[in-house]
Amino acid sequence: MGFFSATIEITRQTLRQLLQNRMCLVVGFALVAIALIGYLLGGHPPRELKGSHLYALMAWWLLGTVLLPWTTLYFGVQAVHGDIEDRSFQYLFLRPVSRAAILLGKWLAVALLCSVMFTVGAVLLFFAFAARPELWPLGVETEMAVAFAEAMAWAAFAYASIAVLFAAKFQRPLVFGAFFIVGLQMFIGNMPAQAGIRVLTITDPLRRLLLDGIDPDPRLARVLWPSEREFKPDLIGHPLLNLSIIIAVTLVLALWFYTRSEYDSRSRE
């Protein structure tokens, strides 16, 4: 079996396994529940907040910075580290398939699954707010749904690469993943634009990608970037390039560790 066909087959098998995981059902219900909450909240909105502000608050802070990172991390660790925990990696590595194809297939399966789930979730939440026309005095801003859907897809691929890196390298990948999401994403990623350490995060380029796509008013910009008192277009930079570099570097490191490490069975987290 060639490298490309092996990668596709591993992707298919991993997707099938992940879809049987109860977490898929839990996350699906959570996304529907969030959209329902958004619709109910739209009937009694906080004072002076428009539909765009409410949508950005829930889509960014609830989906983009909490639910998507943790879900993708969980699926990535289960896809890669689960084989090491139950020793089934020995069977995989004895087959005439390269380790690189195995890891890339698992990464692609996690990234595709989470990108579809949260793109649909972001659009569903937008429709919930769009069903409240009183929240949109200037008309429903459909470009927000497009911008957030694109951001969710990019986020899924980026977090999936982080997840497979931690799963390939560390014995406790969920612990390191929690440190990355809480320590880097929620604190460093929300620093002012002058903090150069933000380049280590996924949150920062994702936010800049969103700001570039929705052309926010000052209040909406503060919703997405509270630490930046005055948002300026020149702060956007090249978010897609930054995300591509993060994905490429973490994947290369993950492939390096996965193809060269000698694994023993590890305790289940």
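The values are calculated or read from the model by the stated rules, or taken from the named source; none is laboratory data. The model shown is predicted, which means the values in this text are computed figures rather than measured ones. Glycine gets a Cβ as well: all are built from the backbone with ideal geometry, and neighbour counts include every protein chain shown. Ligands, DNA and RNA are stripped out before the accessible areas are found, and what is left, the full protein with its side chains, is counted by its heavy atoms. Shrake-Rupley method; radii C 1.70, N 1.55, O 1.52, S 1.80 Å.
Residues of region 227-257 that are at pLDDT 75 or above and not in a helix (DSSP H, G or I): 237, 238. Filtered by the rule that a residue be surrounded by 15 or more Cβ atoms within 10 Å (Cβ to Cβ), more than 14 Å from residue 124 (Cα to Cα) and of a type in the set (A, V, I, L, M, F, W, C), region 24-45 gives 24, 41.
Annotation: residue 266 fulfils all but one of (1) surrounded by 20 or more Cβ atoms within 10 Å (Cβ to Cβ); (2) modelled with pLDDT under 70; the unmet one is (1). The test for being within 17 Å of the chain's Cα centre (by Cα) and closer than 25 Å to residue 46 by Cα holds for residue 123.
Inclusion of residue 187 among residues that are at pLDDT below 85 and in contact with a helix residue (DSSP H, G or I) (Cβ under 6 Å, 6 or more places away or on another chain) is not warranted.
Scanning region 135-157 for residues that are more than 30 Å from residue 247 (Cα to Cα), open to solvent by 80 Å² or more (accessible area, probe 1.4 Å) and touching a residue at least 24 places away in the same chain (Cβ under 8 Å) yields a count of 1.
Here 260, 219 are screened, and the one residue that is open to solvent by 90 Å² or more (accessible area, probe 1.4 Å), within 15 Å of residue 165 (Cβ to Cβ), among the basic types (Lys, Arg) and at pLDDT below 90 is 260.
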